[in-house]
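The values are calculated or read from the model by the stated rules, or taken from the named source; none is laboratory data. None of the values given here were measured: they were computed from a predicted structure. As a convention, Cβ positions derive from the backbone with ideal geometry for all residues, glycine included, and neighbour counts pool all protein chains shown. Calculation scope for accessible area: heavy atoms of the full protein, side chains included, ligands and nucleic acids excluded. Shrake-Rupley method; radii C 1.70, N 1.55, O 1.52, S 1.80 Å.
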Amino acid sequence: MKYEFHKIEKKWQKIWEEEKTYAAVNGGGKPKFYALVEFPYPSGEGLHVGHPRPYTAMDIVARKRRMEGYNVLFPIGFDAFGLPTENYAIKHRLHPRTVTERNIKRFTEQLKTLGYSFDWDRVIDTTDPSYYKWTQWIFLKLFENGLAYKTEMPVNWCTSCKCVLANEEVVDGVCERCGSEVIRKEKSQWMLGITKYAQRLIDDLDGLDFIERVKTQQKNWIGRSTGAEVDFATTAGDTMTVFTTRPDTLFGATYMVMAPEHELVDRWARIITNFGEVEAYRLEAARKSELERTELSKEKTGVELRGVRAVNPVTGAEIPIYISDYVLATYGTGCIMAVPGHDQRDWEFARVFGLPVIEVVKGGDVEKAAYEDCDEGVMVNSGFLNGLPVEEAKRRMTDWLAAKGLGREKVNYKLRDWVFARQRYWGEPIPIVICPRCGYVPLPEEQLPLLLPEVESYEPTDNGESPLAKMRDWVETVCPKCGGKAERETDTMPQWAGSSWYFLRYMDPRNDRALASREALQYWNRVDWYNGGMEHTTLHLLYSRFWHKFLYDIGVVPTPEPYAKRTSHGMILGEDGQKMSKSRGNVINPTDIVNQYGADTMRLYIMFIGDFEKAATWSSEAVKGCKRFLDRVWNLGEKLASDKSGGEEHLKANEASLHRTIKKVGDDIEAMKFNTAIAAMMALVNEFYEKGAGRGDFRTLLTLLSPFAPHIAEELWELMGFGGAGLCCRQPWPAYDESKTVETEKTIAIQVNGKLKGTVTVPADADDETVVAAASGEEKVKNLMEGMELAKAIVVKNKLVNLILKPKKLDNRPDGGL
RNA sequence: GCCGGUGUGGCGGAACAGGCAGACGCAAGGGACUUAAAAUCCCUCGGUGGCGACACCAUACCGGUUCGAUCCCGGUCACCGGCACCA
């Protein structure tokens with residue numbers, strides 16, 4: 001009989017579905033384990049070969065945990081709001097709902113052919129009103145707690161999507177999604193106060209089992225820096241407060257710079273004698289897109305504000321004030337003290353405008369470049385700081401400023417609040433009513449979900465308003481507070497909203513009274529192991545940690561952190577080593593591979609392809625190797641099945657390898673070294689072919705293989721008649737005996753003077769004398785020892801012996817020869 | 001520029017508390033079985049020299065520590081990822 005994977009895979013998928021083999025139960029005596037993968041965006045292209053890599057990996061982990069006796073929750077769902085669907089719907093004159101349903105159906109079918117052990121009873125869809133009701137509910141809670149607010153501010157505006165973007169969505173000055181130009185636009189926006197959580201988002205990383213690069217990337221993104229705020233008096237009477245990480249260099253501050261947008265510029269409009277010139281510069285800066293602003297960063301530009309000067313609080317000197325776009329309005333206080341001697345940007349600006357450069361830290365040559373080093377160098381030209389090292393000077397100056405009431409210690413973050421509104425249709429409506437008398441009024445909870453209205457056209461508008469704004473009978477409503485005429489908020493939430501809490505919904509997906517019951521939240525507690533892409537580190541992963549902390553603070557969830565462990569997989573590249581894309585024509589469709597070789601081969605290959613954490617290049621040729629391996633397993637199984645003894649004997653010859661393989665496969669799964677786990681099983685099968693195998697040996701192999709290739713494992717399990725009606729995936733994970741993983745004899749390497757000369761077989765754990773004697777007895781070593789004596793022997797137990805030889809002293813020669 | 005990471009056969013990749021470099025697989029070559037092909041099975045497979053048992057050179061490059069270095073240390077080069085005028 002041939003290995004008919006099509007028939008076998010369909011058969012077992014049907015059985016698992018009917019038996020609900022992998023359904024999780026909320027409660028019971030077993031310990032719980034929550035394994036999570038990032039739920040897919042159901043795009044029109046269907047499943048991508050990038051999906052099966054993390055999904056198969058976590059499926060293997062989930063299956064192993066079940067065999068180890070855990071009650072496993074391994075859910076899946078769909079993150080279905082979003083622009084591609086909406087754009088596709090517009091183009092084909094369909095409703096986004098229709099498109100979404102069709103895509104979800106297709107994704108579901110494709111995922112099912114891969115035999116994942118998802119709990120299909122818990123599937124969620126973020127666009128389902130019974131789901132987004134709770135997304136809206138969380139928004140109301142954020143609003144209630146002052147963490148959702150609306151403000152007028154410059155935002156990133158994608159010219160093609162006609163929609164604002166979060167800072168995290170702007171990459172290299174262009175839209176992360178469509179690659180179009182992003183410009184700055186002044187707009188009234190809903191914001192979420194993630195910056196209030198900045199410190200906790202850094203601190204709590206310490207207790208988590210996240211891979212290191214995720215932690216550092218999040219820390220860098222949040223970008224904490226400590227320094228001081230310093231107040232500068234001005235001749236206009238207003239105080240200019242700046243943030244600096246180098247208060248020690250205050251004596252070297254020779255001028256000030258403000259962001260062009262800074263409000264003080266407006267306030268001083270009448271005092272500034274060259275206001276026309278200033279306005280012109282401001283207009284020019286505002287017109288620049290993100291891209292231009294970063295690209296044109298070569299030469300510093302700016303305009304002095306004539307008529308106003310600032311006073312350096314330590315020197316008492318009056319110094320000029322400039323505006324320049326190298327100072328960001330959104331960081332710190334929007335203005336800086338410039339220390340051209342010790343900040344390269346200030347140095348460049350000073351050179352363009354011929355401003356004085358004062359050296360206040362000795363060690364560099366401020367004529368040639370700014371000297372920024374903090375570790376070496378002592379203070380000069382700095383009054384009471386002279387002679388101090390930099391770190392000490394920072395402390396002294398901060399204390400001095402605090403004592404005088406001119407400054408204070410300050411921590412700043414690069415992280416900015418989260419722009420939480422999109423001017424598009426296919427997203428969660430924001431449940432807020434704008435009342436001319438009461439302001440922003442939250443919708444009462446009982447009115448949730450606030451449904452998306454049926455709209456004729458989803459076309460984005462050019463004036464920056466959501467398509468919902470055109471739905472007058474939806475927009476016009478009454479104020480829940482005063483009952484007067486009012487309007488609904490017409491922006492929708494960004495795609496990141498639904499995915500910021502989805503893992504909680506899986507715990508209790510059909511609950512209509514809460515996002516999940518208290519018991520369910522308590523029971524599943526938090527995700528034990530979450531695997532996902534590095535590209536989500538500063539977006540989804542950070543956002544969802546923020547939401548979770550908020551939910552913890554208001555007593556909804558029992559833990560301050562949502563994920564105990566986070567790992568990440570590398571990308572699958574096309575056969576040409578390039579990122580897969582339609583335009584390159586190098587896209588691999590996993591369903592094609594399943595049809596040609598079967599799901600088990602697909603699963604095995606995607607895990608065997610290389611180091612899980614690194615990018616890997618797809619090879620259509622190499623897939624065959626995994627298929628051959630399964631063929632060999634199948635053929636061996638058939639042969640053994642014909643033995644009707646029904647016994648489960650083990651061959652003594654396989655004992656050590658078998659125990660070693662159990663250990664290796666188990667350890668490798670935990671370390672996500674799936675490629676070497678598979679290699680170990682391949683080696684074991686090769687050994688079975690050489691030495692033969694007992695039915696018991698094969699039984700163990702099947703249990704090890706079943707998380708990787710579950711269909712063939714079940715079929716052979718049944719064919720062999722193991723475990724009666726019990727499925728292979730219900731068997732306990734095999735145990736190994738450490739003492740049996742060691743061989744009784746070891747082949748060790750012989751080195752002479754550090755060079756490999758051969759090998760010798762000795763009993764395991766043989767002592768040094770035995771090893772040296774055995775090595776010295778080897779023919780080749782004997783020859784090399786001719787005329788030499790053994791100076792030293794280094795023995796590494798069970799591994800190697802190194803004999804250090806040197807020429808024999810001719811000690812019978814008479815001294816001096818006299 | 002800053003912060004991470006990675007450089008190993010024709011290819012994907014193993015081996016890292018310093019201890020036989022190249023597991024496992026792909027491709028390639030040879031052989032067996034076939035009328036033939038596919039499939040399967042067996043053998044070879046880092047480089048150079050030699051008929052040969054063998055010798056020498058090889059883990060991006062240069063140096064160091066060590067009995068011994070792909071691994072540790074110093075320097076150089078290349079590639080990948082993240083951040084990027086964050087004061």
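For region A:374-388, the criterion of being touching a strand residue (DSSP E or B) at 6+ places or on another chain (Cβ under 8 Å), open to solvent by less than 50 Å² (accessible area, probe 1.4 Å) and within 16 Å of RNA strand B (Cβ to nearest atom) is satisfied by no residue at all. Going through (1) under 21 Å from A:Trp496 (Cα atoms); (2) within 15 Å of RNA strand B (Cβ to nearest atom) one by one, A:Leu573 falls short only on (1).
Evaluation of A:Trp618 against the conditions (1) of a type outside the set (Lys, Arg); (2) crowded, with 19+ Cβ neighbours inside 10 Å; (3) modelled with pLDDT of 95 or more; (4) within 27 Å of A:Gly50 (Cα to Cα) shows that the sole unmet condition is (3). On the stretch given as region A:124-171, residues that are out of contact with any helix residue (DSSP H, G or I) (no Cβ under 8 Å at 6 or more places or on another chain) and either in a loop (DSSP other than H, G, I, E, B) or of a type in the set (S, T, N, Q) (or both) total 9. Set side by side, the residues A:Glu445, A:Glu409, A:Glu428 differ, and just one is open to solvent by 40 Å² or more (accessible area, probe 1.4 Å) and more than 16 Å from RNA strand B (Cβ to nearest atom), which is A:Glu445. The sole residue among A:Trp190, A:Trp268, A:Trp221 that is touching a residue at least 24 places away in the same chain (Cβ under 8 Å) and within 13 Å of RNA strand B (Cβ to nearest atom) is A:Trp221.
Which of the residues that make up region A:330-350 are farther than 15 Å from A:Leu250 by Cα, near RNA strand B (Cβ under 7 Å from one of its atoms) and part of a loop (DSSP other than H, G, I, E, B)? Residues satisfying the conditions are A:Tyr331, A:Gly332, A:Gly334. In the set (1) under 42 Å from the mean Cα position of the chain (by Cα); (2) under 29 Å from A:Pro260 (Cβ atoms); (3) crowded, with 16+ Cβ neighbours inside 10 Å; (4) within 16 Å of RNA strand B (Cβ to nearest atom), the condition left unmet by A:Phe353 is number (1).
Filtering region A:504-556 to residues that are open to solvent by 10 Å² or more (accessible area, probe 1.4 Å), within 19 Å of A:Gly77 (Cβ to Cβ) and among the small types (Gly, Ala, Ser) leaves A:Ala514, A:Ser517. Within the option set A:Thr85, A:Thr56, being in contact (Cβ under 8 Å) with a residue 60 or more places away in the chain, in a helix (DSSP H, G or I) and under 23 Å from A:Gln578 (Cα atoms) holds for one residue only, A:Thr56. Taken over region A:637-663, residues that are within 35 Å of the chain's Cα centre (by Cα) and without any contact (Cβ under 8 Å) to a residue 60 or more places away in the chain amount to 1. Meeting the requirement of 1 or more residues that are within 16 Å of RNA strand B (Cβ to nearest atom), the helices (runs of 4 or more DSSP H) wholly within region A:493-546 are A:496-499.
Residues satisfying the criterion are present in region A:623-636 (criterion: touching a residue at least 12 places away in the same chain (Cβ under 8 Å), within 27 Å of A:Tyr736 (Cα to Cα), among the aromatic types (Phe, Trp, Tyr) and open to solvent by less than 30 Å² (accessible area, probe 1.4 Å)). Of all residues in region A:1-22, those satisfying the criterion of being part of a loop (DSSP other than H, G, I, E, B) and either more than 28 Å from the chain's Cα centre (by Cα) or modelled with pLDDT under 95 (or both) are A:Met1, A:Lys2, A:Tyr3, A:Glu4, A:Lys20, A:Thr21. Note on region A:224-254: residues that are charged (D, E, K, R), more than 8 Å from RNA strand B (Cβ to nearest atom) and under 14 Å from A:Thr398 (Cα atoms) amount to 3. Annotation: of all residues in region A:577-633 being outside any loop (DSSP other than H, G, I, E, B) and among the hydroxyl-bearing types (Ser, Thr, Tyr), the one that is farthest from RNA strand B (Cβ to nearest atom) is A:Thr591. Could you list, in sequence order, all residues of region A:214-234 that are open to solvent by 20 Å² or more (accessible area, probe 1.4 Å), among the polar types (S, T, N, Q) and under 20 Å from A:Ala259 (Cβ atoms)? The one that is open to solvent by 20 Å² or more (accessible area, probe 1.4 Å), among the polar types (S, T, N, Q) and under 20 Å from A:Ala259 (Cβ atoms): A:Ser225.
Taken residue by residue, region A:62-78 has at least one member that is part of a helix (DSSP H, G or I), under 21 Å from the mean Cα position of the chain (by Cα) and either surrounded by 15 or more Cβ atoms within 10 Å (Cβ to Cβ) or hydroxyl-bearing (Ser, Thr, Tyr) (or both). Confirm whether A:Val303 is within 15 Å of RNA strand B (Cβ to nearest atom) and either on the phi > 0 side of the Ramachandran plot or crowded, with 17+ Cβ neighbours inside 10 Å (or both). So A:Val303 fits the description; yes. Among residues of region A:351-375 that are touching a residue at least 60 places away in the same chain (Cβ under 8 Å) and more than 19 Å from A:Asp248 (Cβ to Cβ), those with a Cβ under 7 angstrom from a residue that is of a type in the set (Val, Ile, Thr) and open to solvent by less than 30 Å² (accessible area, probe 1.4 Å), sequence gap 6+ or separate chain, pair up as A:Leu355/A:Thr254. The set of residues in region A:110-138 being of a type in the set (Asp, Glu) and within 26 Å of A:Arg730 (Cβ to Cβ) consists of A:Asp119, A:Asp121. Out of curiosity, is A:Ile211 within 14 Å of RNA strand B (Cβ to nearest atom) and either modelled with pLDDT of 95 or more or open to solvent by less than 10 Å² (accessible area, probe 1.4 Å) (or both)? When the stated conditions are applied, A:Ile211 does not pass them. Does A:Val327 qualify as being more than 7 Å from RNA strand B (Cβ to nearest atom) and either outside any strand (DSSP E or B) or surrounded by 22 or more Cβ atoms within 10 Å (Cβ to Cβ) (or both)? The answer is no for A:Val327.
Of the residues A:Ala421, A:Ala369, the single one that is crowded, with 16+ Cβ neighbours inside 10 Å, over 22 Å from A:Ser225 (Cα atoms) and modelled with pLDDT under 95 is A:Ala421. Among the residues of region A:88-97, the ones that are without any contact (Cβ under 8 Å) to a residue 12 or more places away in the chain, open to solvent by 70 Å² or more (accessible area, probe 1.4 Å) and at negative phi come to 2 in all.
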